[in-house]
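The structure under discussion appears below in the form of structure tokens.
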Amino acid sequence: MWALAPWDNDEAADWYGDFMKQTKFREAWLEGISADPGDSPGVVRAAGALFLMLGRVYVWPIETLGDDLERAISALSLITQCDEYKESPELIEQIELEIGELKSRRKSKTSAAPTVVQSKGKPWWRFW
């Protein structure tokens with residue numbers, strides 16, 4: 001164990017890798033995150049939520065983590081432009097916080113720490 005999160009140990013990291021391969025989780029996720037944001041914004045956001053929860057080192061397949069992070073950021077950005085979602089400023093604000101959290105996970109080109117996303121209260125994706 002190298003930290004306190006549930007995925008921060010060899011046994012868990014191996015299990016997550018096996019889980020992703022056995023269930024074809026990422027393939028199903030790709031279908032959701034690639035859905036047409038104009039026709040299925042709820043599906044795209046649901047896939048984005050899965051990435052918020054699971055899109056991290058030791059959980060998500062490392063060989064696609066960076067590309068999938070960018071894919072999630074782009075897809076969530078597109079749904080903020082949907083007419084249906086534009087009707088709710090609160091919803092747009094929430095999705096922008098989700099995008100900000102994902103952007104904070106980008107590998108920094110400098111040694112500076114990533115930007116911390118600020119929100120009112122605890123974001124829904126902060127379980128621990």
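Read-outs: derived from the displayed coordinates by stated rules, not from any lab. The model shown is predicted, which means the values in this text are computed figures rather than measured ones. We place every Cβ from the backbone using ideal geometry, glycine too, and count neighbours over all the protein chains shown.
Within segment 7-18, the residues that satisfy the criterion of being closer than 18 Å to LEU65 by Cα and surrounded by 12 or more Cβ atoms within 10 Å (Cβ to Cβ) are TRP7, ASP8, ALA12, ALA13, TRP15, TYR16, GLY17.
Scanning segment 71-82 for residues that are of a type outside the set (Val, Ile, Thr), part of a helix (DSSP H, G or I) and in contact (Cβ under 8 Å) with a residue 12 or more places away in the chain gives ARG71, ALA72, ALA75, LEU76, SER77, LEU78. Within segment 53-62, the presence of a residue that is of a type in the set (Ser, Thr, Tyr), closer than 26 Å to GLN81 by Cα and not in a helix (DSSP H, G or I) is excluded.
Within segment 72-93, which residues are within 19 Å of GLU27 (Cβ to Cβ) and buried (at least 19 other Cβ atoms within 10 Å of the Cβ)?
Scanning segment 72-93 gives ALA72, ALA75.
For segment 1-26, the candidate set comprises residues that are closer than 11 Å to TYR58 by Cβ, aromatic (Phe, Trp, Tyr) and assigned to a helix (DSSP H, G or I); within that set, the residue that is farthest from the chain's Cα centre (by Cα) is TRP15. GLU27 satisfies every condition listed in (1) touching a helix residue (DSSP H, G or I) at 6+ places or on another chain (Cβ under 6 Å); (2) under 26 Å from ALA13 (Cα atoms); (3) not aliphatic (A, V, I, L, M) except (1). Among the residues of segment 34-70, the one identified as touching a residue at least 60 places away in the same chain (Cβ under 8 Å), in contact with a helix residue (DSSP H, G or I) (Cβ under 9 Å, 6 or more places away or on another chain) and not small (Gly, Ala, Ser) is LEU52. Which of the residues spanning segment 36-56 are more than 12 Å from the chain's Cα centre (by Cα) and surrounded by fewer than 19 Cβ atoms within 10 Å (Cβ to Cβ)? Of everything in segment 36-56, those that are more than 12 Å from the chain's Cα centre (by Cα) and surrounded by fewer than 19 Cβ atoms within 10 Å (Cβ to Cβ) turn out to be ASP36, GLY38, ASP39, SER40, GLY42, VAL43. Taken together, GLU96, GLU101 contain a single residue that is closer than 25 Å to TRP7 by Cα, charged (D, E, K, R) and surrounded by 13 or more Cβ atoms within 10 Å (Cβ to Cβ), which is GLU101. Tell me, please, whether a residue that is closer than 23 Å to PRO123 by Cα and without any contact (Cβ under 8 Å) to a residue 60 or more places away in the chain can be found in segment 10-21. No: zero hits. For TYR85, the conditions (1) without any contact (Cβ under 8 Å) to a residue 60 or more places away in the chain; (2) assigned to a helix (DSSP H, G or I); (3) within 22 Å of PRO123 (Cβ to Cβ); (4) under 18 Å from the mean Cα position of the chain (by Cα) all hold with the exception of (4).
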